[in-house]
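Reviewing the structure listed below.
The values are calculated or read from the model by the stated rules, or taken from the named source; none is laboratory data. Bear in mind the structure is a predicted one, so any value in this text is a computation, not a measurement. Don't worry about glycine lacking a Cβ; one is built from the backbone with ideal geometry, like all the others, and counts go over all protein chains shown. All accessible areas refer to the heavy atoms of the entire protein, side chains included, with ligands and DNA or RNA removed. Shrake-Rupley method; radii C 1.70, N 1.55, O 1.52, S 1.80 Å.
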Amino acid sequence: MVIRLYLVAAGLGIALIGLGGQPSLGQTPETAVPEPKLNRDSSLLSLPTQESDVEINLNQPLALQQAYELALRNNLTLQVTELQLQQNQSFLTQAKAANWPTVSVQSALTRTDSANFLLNQTPIQVDAAAQLQAQQRTLQSLQTQQFQSQQELSIDIQQLQSRLQQDQNQSQQQIFDQQIQQLQLRANTSATPFAITNVAPLQPIAAVPISQGNSGGISNRIQGTVSATYNIYTSGFRSGQIGAAKAQVKISELELKRQLEQLRLDVANDYYNLQQSSALITVSKDAVRNAEASLEVARVREQAGLGTKFDVLQSEVQLADTIQNATQAENLQKIAQRQLAQRLNVKETVNLSAADQVNIAGGWLLTLEESIVLALQNRVELAQLLSQRQLAQQQRRVALAANKPQLQAFASAEVVEGLDDGVSGAFGYAVGLQVSINFFDGKAAKSRAAQQEESIAIAETQFADTKNDLRFEVEQAYSDLQSNLRNINTAQSSVQLAEESLALARLRSSAGIGTQLDVTSAENSLTQAKGNLISAILNYNRALISLQRATSYAQPVSGVTPPGG
């Protein structure tokens, strides 16, 4: 089941992404960890408030396969990468939107109560007959007033002439002559009727800005506008942005796959460390029991006169050393438990233990040359660098498009309706093409393009360097696998010989022909042989998982045949 999950995750489709109906990172297709208590806290932002919230009160044995499943479900780094992938997919959708026109609709309902207005130049309809009658009545009234004024002036002239005849003063005669001339001139002017022209048509009132200096005005108006624009030709800007977004999505997919493979390696190494520390505790406890038994025999022999005080002291030193080794093993186990719990992101109250026994994880049936070719074909790091190179190429196209022609089509339609003027609304539209070229930008576009050219060169150089690193990684893991396999065979023989040697030393000591030092030495040899066997097996398993990671090819525990074989 572990291998099947790994191979699915290693495919280009990224089946664990949670897209297109596939299982998400928090799920596995067939099995699940049977203990929901191992899941992380549902709230990402929760913090413990008291000591009991972090008190370890749950001991949970865990198999390696369950550890893989928990890591897929709970690992936060993996979930962040999945969210980044979804974010880049949204960027791609945004970039593809440039293939479609942009359509916008605007509408507004406006009521205006302005403090200023002006006279509109459009005349309103006037009753001409009523205008003529008003003119005639005004003319008759003026003629009557002029006739009355003329009569009054004539009477005034006659009175002055009578007074002149009565008074023969020469100076007054001149003054009266001037007054008579003025009165006659005024009478002649009043007697001439002025011409009355037609009245100009009246004008309606409309709102104007405050600067016009007039006053008054209220209007209600509704207005709607529909506009559309489309970039017909962008000189590679649009296609470059879409290509860059696709390359970024590809990089995110490969990064998710890389983290899945790396997570499998890290979980396996943490689990093997826990197995090794737990096995060392078992070996240390056996060594402590053997040392205690040897100390008891040494004391009995000393009391019986068959042993010496030196033998007792040697046994006590041996017991102290084994107790110290056991304490160190327990400390390593606690560290390994917390490391695995941190990797799996389980609750703080869980104390994990290894449920699987220390056994050989499987074999590797590929040769070194086949393993190297497989690594260069499968490793996502190389594919990521190629995608980085493609991303830089597309961004270079975008940069160069800034100084090339851009052709855009646009169209808009507008409707305006006054709600209280009694006049039907107006409709207008506009269509056209727009061409723009940025002739000079201080070489900014060329500089951006040059930067992307350097990024292309960097990606190509890193590709060649990564190939060398991957080859060395495969060779190192393959060499470790072979050497640890030989170490397993040697350690197994050493354990058998150490067990026989210890039994013989105890027999010789009981018969009085051996010393307690021989027994102590044999016990140390057995403890060392058992520790070497555990280390050889787990180092082999680590080399195997490292080789699988180096080739991106997880094999079943029973071994595999090369692809296509």
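A few notes on this one:
- Output for the stretch 354-376, where each listed residue is in a helix (DSSP H, G or I) and either touching a Pro at 6+ places or on another chain (Cβ under 9 Å) or closer than 19 Å to Leu85 by Cα (or both): Glu370, Leu374
- Residue in the stretch 232-252 that is in contact with a Leu (Cβ under 7 Å, 6 or more places away or on another chain), of a type in the set (Lys, Arg) and either at pLDDT 90 or above or not in a helix (DSSP H, G or I) (or both) present: yes
- Within the stretch 386-418, being within 23 Å of the chain's Cα centre (by Cα), more than 13 Å from Ala450 (Cα to Cα) and open to solvent by 60 Å² or more (accessible area, probe 1.4 Å) holds for Leu386, Gln388, Arg389, Gln390.
- Residue among Gln337, Gln318 that alone is modelled with pLDDT under 85 and of a type outside the set (D, E, K, R): Gln318
- Residue count for the stretch 437-454, restricted to those that are open to solvent by 50 Å² or more (accessible area, probe 1.4 Å), touching a residue at least 12 places away in the same chain (Cβ under 8 Å) and among the small types (Gly, Ala, Ser): 0
- Under the condition of being assigned to a helix (DSSP H, G or I) and more than 18 Å from Thr527 (Cβ to Cβ), the residues counted in the stretch 299-330 number 10.
- When the stretch 264-277 is filtered for residues that are open to solvent by less than 30 Å² (accessible area, probe 1.4 Å) and under 17 Å from Ala329 (Cα atoms), the ones remaining, listed by number, are Asp270, Tyr271, Tyr272, Leu274, Gln275, Ser277.
- Residues of the stretch 59-82 satisfying the condition of being touching a helix residue (DSSP H, G or I) at 6+ places or on another chain (Cβ under 7 Å) and open to solvent by 50 Å² or more (accessible area, probe 1.4 Å): Gln65, Thr77
- Residue-level check: of (1) farther than 29 Å from Glu253 by Cβ; (2) crowded, with 21+ Cβ neighbours inside 10 Å, Ile360 misses just (2).
- When residues of the stretch 88-111 are limited to those that are without any contact (Cβ under 8 Å) to a residue 40 or more places away in the chain and of a type outside the set (A, V, I, L, M, F, W, C), the one least open to solvent (accessible area, probe 1.4 Å): Ser90
- Selection within the stretch 285-305 - more than 30 Å from Gln66 (Cα to Cα), charged (D, E, K, R) and without any contact (Cβ under 8 Å) to a residue 60 or more places away in the chain: Arg289, Glu292, Glu296, Arg299, Glu302
- For the stretch 261-296, the tally of residues that are closer than 18 Å to Gln342 by Cβ and of a type in the set (A, V, I, L, M) stands at 5.
- No other residue among Gln434, Gln462 is open to solvent by 50 Å² or more (accessible area, probe 1.4 Å), of a type in the set (S, T, N, Q) and assigned to a strand (DSSP E or B) apart from Gln434.
- Answer from Thr229, Thr308, Thr282 - the residue that is closer than 30 Å to Leu70 by Cβ and among the hydroxyl-bearing types (Ser, Thr, Tyr): Thr282
- Exclusive hit being under 30 Å from Ala98 (Cα atoms), more than 28 Å from the chain's Cα centre (by Cα) and open to solvent by 60 Å² or more (accessible area, probe 1.4 Å), set Ile335, Ile232: Ile232
- The sole residue among Ile281, Ile323 that is open to solvent by 70 Å² or more (accessible area, probe 1.4 Å) and either within 27 Å of Asp518 (Cβ to Cβ) or touching a helix residue (DSSP H, G or I) at 6+ places or on another chain (Cβ under 9 Å) (or both) is Ile323.
- Residue count for the stretch 406-454 satisfying the condition of being touching a Lys or Arg at 6+ places or on another chain (Cβ under 6 Å) and among the polar types (S, T, N, Q): 1.
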